[in-house]
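The values are calculated or read from the model by the stated rules, or taken from the named source; none is laboratory data. Just so you know, these numbers come straight off a predicted model, no measurement behind them. Using ideal geometry, Cβ is built from the backbone for each residue, glycine included, and neighbour counts are taken over all protein chains shown. Areas reflect the complete protein model, heavy atoms only, side chains present, ligands, DNA and RNA absent. Shrake-Rupley method; radii C 1.70, N 1.55, O 1.52, S 1.80 Å.
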Amino acid sequence: MPEQYYKEAQKLAQKEYRACVSSGVYPYLPALDEMLGKDTLPKGVELGLVQVPTDHIVGTKTAGRTAAFARNFMPLLGGQTEFATKWRALCTAHLKEGIREPIKVYEYMNRYYVEEGNKRVSVLKFFDAVNIPAKVTRIMPARTGDKAVELYYEFVEFYKYSKINCLELTKPGGYATLQRLMGKKPDEAWNEDDMVSFRTTYYYFDQAFRQCGGGKLSITTGDAMLAYMKIFGYQQLRQQSLEELKKSVAKAWKEITLQQEPDPIDVKLNPTEDKKGLLSKVLTPAPKKRKVAFIHDKDAQTSGWTRAHELGRDHVQRVFQDKITTTTYYNAMEQGAEETLERAIADGNTILFTTSPRLLPASLRAAIDHPNITILNCSLNKSHRNVPSYYARIYEAKFIIGAIAGTLSQDGRVGYLCDYPIYGMMAAINAFALGVQMVNPRAKVYLEWSSTDNPVPAAQRLTQQGIELISYQDMAMLQTGKLTDLGLVQVKGDSKVNLAAPMWHWGIYYENILRSIFAGTFQSEDAKKAKALNYYWGMSTGVVEVVCSDKLPHGTQQLVDLLRQGVCSGQFHPFRGPLRTQDGQIIDGDCNQNHVLSVEQIINMDWLVDGIVGTIPTYDELTDESKATVDMVGISRLVKETQL
């Protein structure tokens with residue numbers, strides 16, 4: 001039998017050799033010494049005895065034995081050679097008692113290069129061994145800023161606590177996310193049971209993934225598994241049989257295949273026009289009555305955000321009258337987010353709006369379990385095929401309100417109270433500051449965060465400095481029947497005067513989305529794209545507005561009207577021209593006065609413009625509730641902090 005096995009291995013080697021030659025790829029094993037330079041090879045770090053994934057063993061340490069093997073580690077030399085005799089002897093030993101002596105390898109960029117034991121690797125690869133025991137020396141690459149190298153350093157940090165080397169992730173922040181999804185703190189070590197359980201679960205998932213066609217995708221099994229865990233969690237994953245896992249992977253396939261998109265998000269800045277002709281509209285039967293659910297994480301009495309969305313629900317109920325029935329579900333986080341969504345679906349609702357980023361995980365799970373239900377989540381910059389997101393370009397209104405503050409400030413000091421450091425909020429802060437500086441170049445904006453403690457002490461920190469103009473929260477909250485501070489407020493002692501406020505017209509947003517769903521354009525738009533849809537509408541669509549007090553001077557009101565027209569027409573943009581950050585970096589390097597930041601740059605801001613006094617809070621400074629929101633839609637800077 002060993003002789004027959006050697007012949008079969010040779011055939012595999014010859015097939016691999018021919019395939020490599022025809023495609024212009026080096027057909028033998030790569031040698032680490034030649035890749036890095038033998039004389040310049042840095043000193044390695046001893047990792048001790050490690051179970052090395054067989055498919056990560058890709059070459060040899062030196063060039064001496066490279067030509068004996070094809071690139072897949074199968075033997076090329078003839079059957080009468082001494083090499084073949086030793087290979088067959090190892091084959092016999094493996095079949096009788098198993099190969100137990102560890103090989104010796106060098107690890108570089110999570111790939112392994114054999115110094116001793118090439119034939120053992122060849123035999124074990126032939127028999128599809130999953131792991132091989134090895135004494136490992138790690139070679140660390142120099143940090144050059146290269147994406148692959150930075151990803152590798154993330155892996156090394158993850159390995160320090162997990163000792164897991166079988167999976168590979170290809171997107172920044174992935175290893176930190178995996179650590180969190182495992183229920184671990186960033187610097188928490190895994191125990192032996194964690195390691196054994198994860199390895200077993202990973203190999204089961206790998207089988208299910210490949211049987212569903214994963215081998216044809218450009219992503220790794222690790223990428224797919226991480227996407228799956230974001231939906232179903234690790235505990236469900238580890239408890240499923242292979243057959244159950246295959247069914248779940250198939251259901252989540254849209255989310256998994258999305259991972260291979262280099263730019264997975266398609267941002268829609270305006271409503272999609274219904275291009276159906278008049279005749280088709282006349283002949284199209286009237287849609288049957290639809291039930292629409294609005295699911296909130298809080299209630300309208302304690303949350304201005306929830307109250308604003310409820311006003312939006314009232315709007316669409318009035319607009320569509322008996323064509324729809326709307327139902328509200330409050331306090332979903334307290335009552336169980338998944339249970340609340342399931343109850344809404346059981347009540348007959350076929351369209352669900354979940355109005356908080358904290359409800360996104362439950363929304364995604366429900367969308368996959370109920371593919372005929374339309375679910376949208378109010379958040380920004382999230383890449384999920386099954387749950388489109390919607391948000392407003394509030395920074396446009398903030399820019400105009402900043403200009404109002406700049407014209408009214410007598411001492412050049414303006415306060416800004418922000419809640420969460422999440423996508424969209426950084427653009428709002430920066431736009432406000434740029435609006436202030438446009439009319440008052442020497443003015444400073446003093447920034448405080450309510451997400452580190454509470455809105456009341458955060459506001460007090462501003463008033464205690466004698467700051468009289470403060471941008472408070474955007475949405476009114478009902479407490480004991482009174483409106484709390486809203487928008488731009490002038491504070492003088494105990495007196496407070498509301499001067500202007502941004503308005504989020506969620507009713508107009510919901511009306512347009514529902515019309516798109518009823519017309520079928522929403523569904524066709526989703527079907528055409530292999531990307532996640534993010535709706536990000538602004539003032540020109542009517543979903544954002546600036547409301548001004550009659551106490552504003554006439555000249556300031558004229559400025560507001562002029563800026564509003566410019567923003568809506570596209571002739572004026574808050575983020576035009578070179579922008580300087582707090583640390584002096586020029587965002588537009590060529591200093592082009594007409595350059596406008598891309599929508600991706602605006603959404604992904606994790607910096608503050610020059611002229612803002614204050615900093616972005618660290619993750620550890622946030623309250624527990626704030627961390628829950630930041631975990632969903634926090635800016636990239638805070639995501640990176642969880643890796644430390």
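Quick look at the values:
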read-out	value
For the chain, convex hull volume per residue from C-alpha positions, Å³	207 Å³
Efficiency of FRET from Cβ geometry, Lys43 and Asp610, R₀ 51 Å, rounded to 0.05	0.70
Karplus-derived HN-Hα couplings along the range 112-128 (A = 6.51, B = -1.76, C = 1.60, θ = phi - 60°), whole Hz, x at Gly and Pro	10, 10, 7, 9, 9, x, 4, 5, 4, 5, 4, 5, 5, 5, 4, 8, 6
Contact order relative to length of the range 10-160, as percent, for alpha carbon pairs under 8 angstrom and 6 or more apart	28 percent
Helix-only [θ]222 nm of the chain, DSSP H runs n ≥ 4, -39500 (n - 2.57) each, per residue, nearest 500	-13000 deg cm²/dmol
For the chain: accessible area per residue (Å², 1.4 Å)	46 Å²
With Cα atoms, 0 to 90° folded angle of helix 2-22 axis to the chain main axis	50 degrees
Dimensionless Rg ratio for the range 1-110, taking C-alpha atoms and the 2.2 N^0.38 Å reference	1.17
Amide H contacts under 5 Å for Val547, placed H, 5+ residues apart	Ala501, Met503
Whole-percent carbon and sulfur share, accessible surface of the range 55-120, 1.4 Å	46 percent
Dipole-positive endmost among Asn594, Ala397, Val52 within the chain (Cβ charges, Cα centre)	Val52
Largest-first ordering by accessible area, 1.4 Å probe, given options Lys125, Lys163	Lys163, Lys125
Signed unit charges on C-beta, dipole axis of the chain, positive-most listed residue Thr618, Leu181, Leu559	Leu181
Calculated log₁₀ intensity ratio I(q)/I(0) where the Debye formula runs over C-alpha points of the range 178-266, q = 0.16 Å⁻¹	-0.63
The range 490-644 - Rg and Dmax from Cα coordinates, angstrom	19.8, 57
Burial ranking of peptide ranges 257-265, 426-434 (average Cβ count within 10 Å, highest at the top)	426-434, 257-265
Total charge dipole magnitude, the chain, about the Cα centre, Cβ charges on Lys, Arg, Asp, Glu only, Debye to nearest 20	1700 debye
Whole-number percent relative contact order across the range 459-576, with pairs defined as alpha carbons under 8 Å at least 6 apart	19 percent
Positive-end residue of Leu245, Ala366, Pro141, charge dipole of the chain with Cβ unit charges	Leu245
Most to least packed among 526-536, 232-242 [average Cβ atoms within 10 Å]	526-536, 232-242
Alpha-carbon spread of the range 296-422, three principal axes, descending order, Å	58, 33, 26
The range 141-247, accessible surface, carbon-and-sulfur percent (1.4 angstrom probe)	49 percent
Gyration tensor (alpha-carbon) shape descriptor, the range 355-488, a/c threshold 1.5	prolate
Partners for Lys15 among lysines (Cα-Cα distance below 18 Å; same-chain residues under 8 apart left out)	Lys7, Lys125
Estimated vicinal HN-Hα couplings, Hz - the range 175-180 in sequence order (Karplus 6.51, -1.76, 1.60; Gly, Pro = x)	5, 5, 5, 4, 4, 5
Sum of side-chain charges, Val567 neighbourhood, beta-carbon under 13 Å (Lys, Arg +1; Asp, Glu -1)	+1
For the chain, share of DSSP beta bridges that run antiparallel, in % to the nearest 5	45 percent
